[in-house]
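For reference, the structure discussed in these notes is given below.
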Amino acid sequence: MRGTTFGGALLLGGALLSIAASARAVVITAGSASGAPGEVVTVDITMASEGAAVLATQNRIDFTREAHIAARADRNPDCAVNPAIDKNATAFRFLPLGCDPAVDCASVRAFVLSFDNLMPIADAARLYSCAVQIAANAPLAVQATKRMMRMGQNETFEANVHHVFLQLLPLFRSKDFKEGVTAFLEKRTPEFEGR
């Protein structure tokens with residue numbers, strides 16, 4: 001996310017940042033992490049303020065079912081503010097409101113603020129971290145998807161469609177494909193073998 005300050009506030013993709021009156025860019029970045037299907041990894045959210053005095057931030061993280069913010073037992077996002085920035089009124093909520101974290105939540109809204117600490121957040125500070133659940137997808141399908149995405153970066157649309165078709169044919173004959181379809185029809189969790 002990127003924006004420029006105007007006066008004392010910045011509207012950034014639905015985020016309101018209280019900042020100094022000079023025009024400066026503020027960038028909020030989600031870090032990267034890797035893990036195996038089914039694992040939970042930690043992703044840090046950081047802010048670069050280019051010297052702007054940012055007192056609080058509200059931002060939104062969109063995600064997919066393949067890698068989504070995990071839920072705590074209370075059904076709120078498994079995110080935690082960085083204690084070093086001392087913003088004790090911070091809150092996290094799944095969106096849309098009332099969604100089921102296991103089924104239909106599409107994003108997390110983060111409010112990073114304090115009513116007691118009015119000191120600016122340090123430039124390049126880690127704002128908070130979230131636990132991200134990597135979906136336990138079929139290993140063959142994940143490998144084929146990664147391969148198709150890499151190939152598609154340097155191909156024409158027509159060539160890519162042809163290669164996607166060629167990648168999908170062997171998947172339809174795999175044991176994992178049959179297990180996935182059967183598990184779906186039986187409304188149970190699939191047990192993929194990578195074959």
For residues that are under 28 Å from the mean Cα position of the chain (by Cα) and not in a loop (DSSP other than H, G, I, E, B), tally how many sit in region 169-192. 7
Scanning for something at positive phi, surrounded by 11 or more Cβ atoms within 10 Å (Cβ to Cβ) and among the small types (Gly, Ala, Ser), does region 143-162 turn up at least one residue? no
Report, ordered by the first and then the second residue, all pairs with beta carbons closer than 6 Å, sequence separation of six or more or different chains, a first member in region 104-120 that is on the phi < 0 side of the Ramachandran plot and in the same structural domain as CYS130 (by TED's automatic domain parsing), and a second member that is of a type in the set (Ser, Thr, Tyr) and part of a strand (DSSP E or B). VAL112/THR57
Output for region 103-131, where each listed residue is surrounded by 12 or more Cβ atoms within 10 Å (Cβ to Cβ), under 30 Å from THR189 (Cβ atoms) and not charged (D, E, K, R): CYS105, ALA106, SER107, VAL108, SER129, CYS130, ALA131
Looking at (1) surrounded by fewer than 16 Cβ atoms within 10 Å (Cβ to Cβ); (2) under 23 Å from SER114 (Cα atoms); (3) among the polar types (S, T, N, Q); (4) at pLDDT below 75, which is the only condition THR5 fails? (1)
Note on region 140-195: residues of a type in the set (A, V, I, L, M, F, W, C) and more than 25 Å from ALA36 (Cα to Cα) are PHE157, ALA159, VAL161, PHE165, LEU166, LEU185
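The values are calculated or read from the model by the stated rules, or taken from the named source; none is laboratory data. The structure presented is a predicted model; accordingly, all values stated were derived computationally and were not measured. Reconstructed Cβ throughout: ideal geometry from the backbone, glycine too, with neighbour counts over all protein chains shown.
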